1. Any residue in the range 307-330 that is small (Gly, Ala, Ser), modelled with pLDDT of 95 or more and under 23 Å from Glu360 (Cα atoms)?
2. For the range 52-82, what are the residues that are at pLDDT 95 or above, among the aliphatic types (A, V, I, L, M) and out of contact with any Pro (no Cβ under 8 Å at 6 or more places or on another chain)?
3. Got a number for residues in the range 279-329 being under 20 Å from Leu172 (Cα atoms), part of a loop (DSSP other than H, G, I, E, B) and under 21 Å from the mean Cα position of the chain (by Cα)?
4. Quick check on the range 30-79: of everything there that is among the acidic types (Asp, Glu) and without any contact (Cβ under 8 Å) to a residue 40 or more places away in the chain, which residue is surrounded by the fewest Cβ atoms within 10 Å (Cβ to Cβ)?
5. Answer with yes or no whether Ile154 is modelled with pLDDT of 95 or more, among the β-branched types (Val, Ile, Thr) and surrounded by 17 or more Cβ atoms within 10 Å (Cβ to Cβ).
6. Quick one: which residue in Pro215, Pro170, Pro177, Pro244 is over 27 Å from Ala358 (Cβ atoms), in contact (Cβ under 8 Å) with a residue 24 or more places away in the chain and open to solvent by less than 30 Å² (accessible area, probe 1.4 Å)?
7. Going by the conditions given, is Thr230 closer than 21 Å to Gly84 by Cα, within 24 Å of the chain's Cα centre (by Cα) and not assigned by the TED database to the domain that holds Leu94?
8. Scan the range 282-289 and tell me whether some residue there is within 20 Å of Ile220 (Cα to Cα) and of a type in the set (A, V, I, L, M, F, W, C).
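The values are calculated or read from the model by the stated rules, or taken from the named source; none is laboratory data. Since the model is a prediction, treat every value here as computed from it, not as a measurement. No Cβ is skipped: glycine too gets one built from the backbone with ideal geometry, and neighbour counts run over all protein chains shown. Keep in mind that these areas ignore ligands, DNA and RNA; they rest on the heavy atoms of the full protein, side chains included. Shrake-Rupley method; radii C 1.70, N 1.55, O 1.52, S 1.80 Å.
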Amino acid sequence: MSKVEVQNIEDINNAFKAAVQGVIDFNNSFDWPTAHTFVYREIDGVKIEAEVWVRETLPNGDSQNLPAKRPIFLYIHGGGWMAGVRTDFPKPILHEFLSRGFVFVSIDYRLIPEVDFITGQLDDICFVEGWLRENLQSSLTDRGVHVVVDSDAIVVAGGSAGSHLASLTPKLWKKKPRALLLMAGPTNLFDCRRIGRPMGGGKLNEIVAQCPMDPSPEFIKSAMFDKPQTNTKPTLSIEAFLAPRAMLGVSIFLNEVIPDFLVLGFVDGKLPKKGSAPEDKVKFLSAFFGDLSDWPPTFQMVGDSDEAFEASQLTQFQDKLKQHNIPAGMLVVPEQSHAFENMSKIGDQLHLRYIQPACEFVARYATEDSKQK
């Protein structure tokens, strides 16, 4: 049977929604433990939440190999720093770490540009360290969850913008994470350049063409919330890319002003000029720069057709970590685009061939005995 070609936006939209819903339905069909929602921070009237999963026992009853003290896996969602929600993460990763006895935590954080990136969004990423180390145990105990949390053993992961935020935790936290799992995020903001690959394999060209390259103050205002937000629920449709906020995010990528936007925000109501951010601040916001001699073991993944970030972001960081004798692993996944891990089903090839080895790599560094380099 010949392959049916998708001809128009409506067909693309229907195919997209069916594919996403199929992944969601399949992964949700598994027997998951109860998810516990906590407010880990309240600031300026904004409640910022964390979603927590943990298995007290394994479904098959074989729980003798679960660690006595449960390490923590922290996931930071993506969304271009301007969108996303804590419930949006790859279920195969949840499966991998729950089966290893981890306490799985996925967090919201305040979105830019309604808050400043450094004093707002990064401050939330800093704040959650204290909550994980000092309050997670009592929070779970109060919910009747009977596990002992190892608050010193934290693995941090993220996808896309969440990968970038995760990569900064060794610089920001009082105590470095035990390991990092970074998926398709930038480690060197000076190297965030327009790649030229068509989004969605070219299926979104018609939509991308409508993104304003010089968005007006009025357009920018239409894309902003009235107050700081901590999550935006994803809409399962191609039309969602036509929303002003989504188009503004794409415009920031196309104009190659990611570092400038993160450092400066809007300037006189418009996007900042490329290269206008102070160099020292861009370096601080890039994991690639600074002292890497005591960096945590790090595993990176990216699709070979990623539309947002080049694989060179990973390879150059990998080489630098190796120069400092830091355990580091990397996978460039063939025929996969940006955020491919979110379309993985538990037990499929993406999970077993790529996601599982990545999880195994970082999990081994979560206990004190295996931390030796």
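1. Yes, some residue in the range 307-330 is small (Gly, Ala, Ser), modelled with pLDDT of 95 or more and under 23 Å from Glu360 (Cα atoms).
2. Selection gives Val52, Ile72, Ile76.
3. Count: 8.
4. Just the residues of the range 30-79 that are among the acidic types (Asp, Glu), to begin with: 31, 42, 44, 49, 51, 56, 62.
Then keep just the ones that are without any contact (Cβ under 8 Å) to a residue 40 or more places away in the chain; that gives 31, 42, 62.
Numbers: Asp31: 6, Glu42: 10, Asp62: 9.
Across the range 30-79, the extreme among qualifying residues is Asp31.
5. Details: modelled with pLDDT of 95 or more: yes; among the β-branched types (Val, Ile, Thr): yes; surrounded by 17 or more Cβ atoms within 10 Å (Cβ to Cβ): yes.
In short, yes.
6. Working: Pro170 fails: over 27 Å from Ala358 (Cβ atoms); Pro177 fails: over 27 Å from Ala358 (Cβ atoms); Pro244 fails: open to solvent by less than 30 Å² (accessible area, probe 1.4 Å).
Selected residue: Pro215, the only one of Pro215, Pro170, Pro177, Pro244 that is over 27 Å from Ala358 (Cβ atoms), in contact (Cβ under 8 Å) with a residue 24 or more places away in the chain and open to solvent by less than 30 Å² (accessible area, probe 1.4 Å).
7. Details: closer than 21 Å to Gly84 by Cα: yes; within 24 Å of the chain's Cα centre (by Cα): yes; not assigned by the TED database to the domain that holds Leu94: yes.
Considered against the rule, which asks whether it is closer than 21 Å to Gly84 by Cα, within 24 Å of the chain's Cα centre (by Cα) and not assigned by the TED database to the domain that holds Leu94, Thr230 comes out as yes.
8. First pass over the range 282-289, keeping only residues within 20 Å of Ile220 (Cα to Cα): none.
Taking every residue of the range 282-289 in turn, none turns out to be within 20 Å of Ile220 (Cα to Cα) and of a type in the set (A, V, I, L, M, F, W, C).
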